[in-house]
Amino acid sequence: MAGFAAPTGVAPPPGAHHRTPGLLAWIILSPLVLWLLLFVVAPTLMLTAVSFAERDALGRIVWNFSLQNYFRAFDWVWLKILFQSLYYAFLTTVICMAVGYPAAYCIGRAPERWRGILLMLVMVPFWTSFLIRTYAWITILSKEGIVNSQMISAGIFTEPISLLYSPFAIVLGLVYNFLPFMILPIYTSVEKLDNAMIEAAYDLGAGPLRAFSQVIIPLTRPGIAAGAMLVFVPSIAMFAITTLMGGGTNPMIGEVIFKQFTSGRNQPFGAALGTILLLVFILTLWLARSQRVKEE
Amino acid sequence: MKKTTLLLSALAAFALPATTHAAPNKNLNIYCWSEYIPQAVIDRFAKETGTKVTVENYASNEEMLSKLAAGGGAYDIIQPSEYVMEALVKEKFLHPIDRAKIPNLKNIAPQFLNLAFDPGNKFSVPFMAGTVGIVVNTDLIKTEIRGFNDVFKPENKGNIVVLDDAREIVAWALLANGMGVNQITDKNLNKIKPTLEKWLPLVKVYDSDSPKTALLNGDVAVGVVWGGEGAILLNKNKKFRWIIPAEGSHMFIDSLAIPKAAKNVESAEEFMNFILRPEISKEISEEFPYLNPNLAARALMTKKELENPASFPTDEEMKKMQIFRDIGTQASEIEEIVTTLKAQ
Amino acid sequence: MAFLYIPIALLVVFSFNSARLNIRWEGFSTKWYEALLSNHVLLGAFQNSLIVASATTVLSTLLGTLGAWMLYRYRFPFQGALGLLIFIPMVMPEVLMGVSLLVLFVQLLNIPLGFTTMIIAHTTFCFPFVLVAVQARLQGLDPSQEEAAMDLGATPFQAFRKVVLPYLMPAIISGALMSFTLSLDEYIVSVFTTGSQSQTLPLKVYGMAKVGLNPQLNALSAIFIAATFTFALAVHFFGKKKNL
């Protein structure tokens, strides 16, 4: 226990809560560090190693050092696909935020005993197979589906229009599947909002809009940031949903890597594309972080 | 909040470990395509021979290949398609089969035996085959469609579904240019590039798993799809018509084989022989309408099943069929060509 | 909220459809429910899915929560690097992760493929979700509360349990729910890390699209969702009585 409470000697700077870790802290952290080393760092290093190798006809790796995969990877096609994937991920994040925030806010402000149930309600639809969910959307959006038939009988469309197999369908599929990952973290921030703070804002003469934009939003910022991370990052490499809903005419980076790795039987090239994706991603994250540190 | 925790732990509780059956002394570990061997067939084999059967599924040849190449899992039976079979034979990944233990091999039509991917059937027995062809929704397309060049016409833009498979797409372009599906050289790829550049922008949907969905929903009017998909569509609605492209087409053959690392070779051979029994093979065909290479099984099938043109091509059409050879490292370039054209 | 349930409604409706293909309504039938009850393969796979998802949830929640707390509470060397590493499993394309873990398990660590390898693989991509959620909640923690508890004589462990843990609970539960969901529906990583004894539902379902998704799956989903609701409501009302 002594290690856990290791005094820092100097008073921590105001607002900060960081101390030098003692032995016990290290022990508690060690599973995470070990896990990261063994199951994240080791596979990533293996992948990087493979990206410099060659392969035989069966797709097995031949350990000859070669930069050829990287030469091949620096082509505008792959860059274009990467940017397209980032664009869709960004769009998905923004829409999830716009749709998810109000939902999360309502759940967070609901009577306490209902919150658990509401949270479950958000997640339970996703305890089904994504294939069933996606094919259900396909049935709904198809030319002979519910949306088209309703629109026609309401006189809005004169003939069925193609809603599926379009950028709209791709974004809809992504938003649908990632929405809970926006709602949950925002909820955890909303849940701890102090009513007194909001009331104080009102007492000081703020209208609902100002109270929202100047008090509530800043207070829930960590939740918004976390939600944005949890939606944006995994949707970059996501492709099964985008292929099914979009018809596969817009290849995504995850799909390209998957195909090179499997039907292309070129694991080294797939690994090189993957390594580039990881590098781009880590660099962006690192820059964003150092920027933030500078601001503070 | 405790409620949710409670709920999760309750879910964990009803997920008790699977019950194991009394251990029979024979085991068989099958690694096969999902939805290809009916469960009833596997259950019957287990019961009849007293074998404990475990089944693992994959959804693409390459998944199976990656796992096999990495040395994961000891499988007794695998179910590769012809071009992967060829690679596995070439790379000495397979255990030779004992023909004496598989007398039912005589039920197989000769045209499915002794093919280039496994001369003399030293390592494999055919399971099912299938063709790739064109499905037309005749309500929506009135002009006659005979081959690939009729499908990929500007007036069909945004009305076409094709398999999401680079090797297939390249094969069709080769055929349309009068070349064989396996004549994949850099020179020929350059020759067919203009064809692909013309074709791909017309495509609305790429789907290998269920191209029938877009056709059934009326989102597209014509498609180049697997025969099995075509057979389902034809059974579903008379407006669909099946056409084997005039230029010729690809026929796939999925076989059963035994990997070298297999632990239960005898059970595996017993299973192969069992699958080739007429009544068993017929049962498989009933559930999954592919081209059944088993003549004795065909004799047991109904007229309606045999007359489905998407399942069973005519002899004339069979002559136009080509099978894929292994193209080794070129697979990666083909993927790149198709991806590049899609992204434009 | 209604948006989330649009496809689910359709799914439930189609579980009573007599047609094999989930595309058009062709008449009411309960035959898929009957077929499901005798389909030991699907039910077994579902059971396996629940085992893997539950174990993954427990492990990820532990790793994620303790990790977030430690990283928040103390300044470790290489803290920034650790923070970045956590995101790798989230952005790494599934096929790369699946294959590299497969090689790691089979060739380097010599662990036979099965539940263990699958749970490890799932936990690897699930725990970052818990960690990020908990980190967000921690950013608003008032350190004085924990210190006050310690000033009152609580050991650091007690302070964590009585003050910090209850405060983090909503984030921990959110993270746990996300882990469970992600694990339940994972296909690509699963296919490379599973053994024949640990076939989960997505592995059985994935290839089904080519013959038409089996409506038994709709029935299974419908039953699962209904059971979860019933259970949640039961706990809800039962819990309320206890609170009185």
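At-a-glance table
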| item | result |
| --- | --- |
| Residue check, A:LYS259 within 14 Å of chain B (Cβ to nearest Cβ) and basic (Lys, Arg) | yes |
| Subset of segment B:272-290 that is touching a strand residue (DSSP E or B) at 6+ places or on another chain (Cβ under 6 Å) and at pLDDT 95 or above - its residue that is farthest from B:ASN114 (Cα to Cα) | B:SER281 |
| From the options A:SER153, A:SER149, A:SER162, A:SER166, residue that is surrounded by fewer than 23 Cβ atoms within 10 Å (Cβ to Cβ) and closer than 17 Å to A:THR92 by Cα | A:SER166 |
| Yes/no for A:THR243 being under 20 Å from B:ILE334 (Cα atoms), surrounded by fewer than 21 Cβ atoms within 10 Å (Cβ to Cβ), at pLDDT 90 or above and among the polar types (S, T, N, Q) | no |
| Residue satisfying all of: in segment C:95-107; more than 7 Å from chain A (Cβ to nearest Cβ) and in contact with a helix residue (DSSP H, G or I) (Cβ under 8 Å, 6 or more places away or on another chain); nearest to A:PHE258 (Cα to Cα) among these | C:GLY98 |
| Conditions (1) of a type in the set (A, V, I, L, M, F, W, C); (2) more than 9 Å from chain B (Cβ to nearest Cβ); (3) within 30 Å of C:GLY140 (Cβ to Cβ): number failed by C:VAL13 | (3) |
| Meets criteria (facing another protein chain (nearest Cβ under 7 Å), buried (at least 20 other Cβ atoms within 10 Å of the Cβ) and closer than 18 Å to C:ILE51 by Cβ) for C:PHE180 | yes |
| C:ARG24 being of a type in the set (D, E, K, R) and over 28 Å from B:ALA40 (Cα atoms) | no |
| Options C:LEU62, C:LEU84; residue that is in a helix (DSSP H, G or I), surrounded by fewer than 20 Cβ atoms within 10 Å (Cβ to Cβ) and within 14 Å of chain B (Cβ to nearest Cβ) | C:LEU62 |
| Residue in segment A:31-72 that is surrounded by the fewest Cβ atoms within 10 Å (Cβ to Cβ), counting only those that are within 11 Å of chain B (Cβ to nearest Cβ) and in a helix (DSSP H, G or I) | A:ARG72 |
| Residue satisfying condition, being facing chain B (nearest Cβ under 9 Å) and modelled with pLDDT of 90 or more, within set A:TYR165, A:TYR135 | A:TYR165 |
| Only listed residue being in the same structural domain as C:ILE172 (by TED's automatic domain parsing), assigned to a helix (DSSP H, G or I), over 23 Å from A:THR48 (Cβ atoms) and among the polar types (S, T, N, Q), chosen from C:SER54, C:SER100 | C:SER54 |
| Positions within segment A:185-218 being in contact with a helix residue (DSSP H, G or I) (Cβ under 7 Å, 6 or more places away or on another chain), aliphatic (A, V, I, L, M) and assigned to a helix (DSSP H, G or I), in sequence order | A:ILE186, A:VAL190, A:MET197, A:ILE198, A:ALA201, A:ALA211, A:VAL215, A:ILE216 |
| All positions within segment A:46-65 that are modelled with pLDDT under 90 and polar (S, T, N, Q) | A:ASN64 |
| Enumeration of residues in segment A:246-256 that are at the interface with chain B (Cβ under 8 Å from one of its Cβ atoms), crowded, with 24+ Cβ neighbours inside 10 Å and among the small types (Gly, Ala, Ser) | A:GLY247 |
| Test: residue in segment B:126-143 that is of a type in the set (A, V, I, L, M), outside the structural domain of B:ASN292 (by TED's automatic domain parsing), in contact (Cβ under 8 Å) with a residue 40 or more places away in the chain and part of a loop (DSSP other than H, G, I, E, B) | yes |
| Elements of type helices (runs of 4 or more DSSP H) in segment B:262-344, at least 3 residues being within 14 Å of chain A (Cβ to nearest Cβ) | B:330-343 |
| Test: residue in segment A:225-240 that is within 14 Å of chain B (Cβ to nearest Cβ), surrounded by 16 or more Cβ atoms within 10 Å (Cβ to Cβ) and of a type in the set (Gly, Ala, Ser) | yes |
| Conditions (1) modelled with pLDDT under 90; (2) at the interface with chain C (Cβ under 7 Å from one of its Cβ atoms); number of the one not met by B:ASN29 | (1) |
| Filter result for C:VAL205 (under 28 Å from B:GLY72 (Cα atoms) and either surrounded by fewer than 18 Cβ atoms within 10 Å (Cβ to Cβ) or more than 7 Å from every other protein chain (Cβ to nearest Cβ) (or both)) | no |
| Conditions (1) over 25 Å from the mean Cα position of the chain (by Cα); (2) more than 9 Å from every other protein chain (Cβ to nearest Cβ); (3) of a type outside the set (A, V, I, L, M, F, W, C): number failed by C:GLY114 | (1) |
| Strands (runs of 3 or more DSSP E) fully within segment B:147-239 counting 1 or more residues that are of a type in the set (Lys, Arg) | B:203-206 |
| Yes/no for C:PHE127 being among the aromatic types (Phe, Trp, Tyr) and under 15 Å from the mean Cα position of the chain (by Cα) | yes |
| Qualifying residue in segment B:54-61 (condition: buried (at least 20 other Cβ atoms within 10 Å of the Cβ) and assigned to a helix (DSSP H, G or I)) | yes |
| Residue list for segment B:67-85, filter: modelled with pLDDT of 85 or more, outside any loop (DSSP other than H, G, I, E, B) and out of contact with any Ser or Thr (no Cβ under 7 Å at 6 or more places or on another chain) | B:LYS67, B:LEU68, B:ILE77, B:ILE78, B:SER81, B:GLU82, B:TYR83, B:VAL84 |
| Qualifying residue in segment A:188-206 (condition: hydrophobic (A, V, I, L, M, F, W, C), buried (at least 18 other Cβ atoms within 10 Å of the Cβ) and modelled with pLDDT of 90 or more) | yes |
| Pair list, Cβ < 8 Å and 6+ apart or interchain, from segment B:43-67 residues that are free of Cβ contacts under 8 Å to residues at least 60 places away in the same chain and assigned by TED's automatic domain parsing to the domain that holds B:ALA261 to residues that are buried (at least 22 other Cβ atoms within 10 Å of the Cβ) and of a type in the set (Lys, Arg) | B:ASN57/C:LYS204; B:TYR58/B:LYS67; B:GLU62/A:ARG265; B:LEU65/A:ARG265 |
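For (1) assigned by TED's automatic domain parsing to the domain that holds B:THR49; (2) touching a Pro at 6+ places or on another chain (Cβ under 8 Å); (3) of a type in the set (Gly, Ala, Ser), each residue gets a yes or a no:
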{"position": "B:THR185", "(1), (2), (3)": "no, no, no"}
{"position": "B:LYS198", "(1), (2), (3)": "no, no, no"}
{"position": "B:ASP209", "(1), (2), (3)": "no, no, no"}
{"position": "B:ASN217", "(1), (2), (3)": "no, no, no"}
{"position": "B:VAL222", "(1), (2), (3)": "no, no, no"}
{"position": "B:TRP226", "(1), (2), (3)": "no, yes, no"}
{"position": "B:GLU247", "(1), (2), (3)": "no, no, no"}
{"position": "B:ALA257", "(1), (2), (3)": "yes, yes, yes"}
{"position": "B:SER267", "(1), (2), (3)": "yes, no, yes"}
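The values are calculated or read from the model by the stated rules, or taken from the named source; none is laboratory data. Keep in mind it's a predicted model, so treat the numbers as computed, not measured. Every residue, glycine as well, gets a Cβ built from its backbone with ideal geometry; the counts of neighbours run over all protein chains shown.
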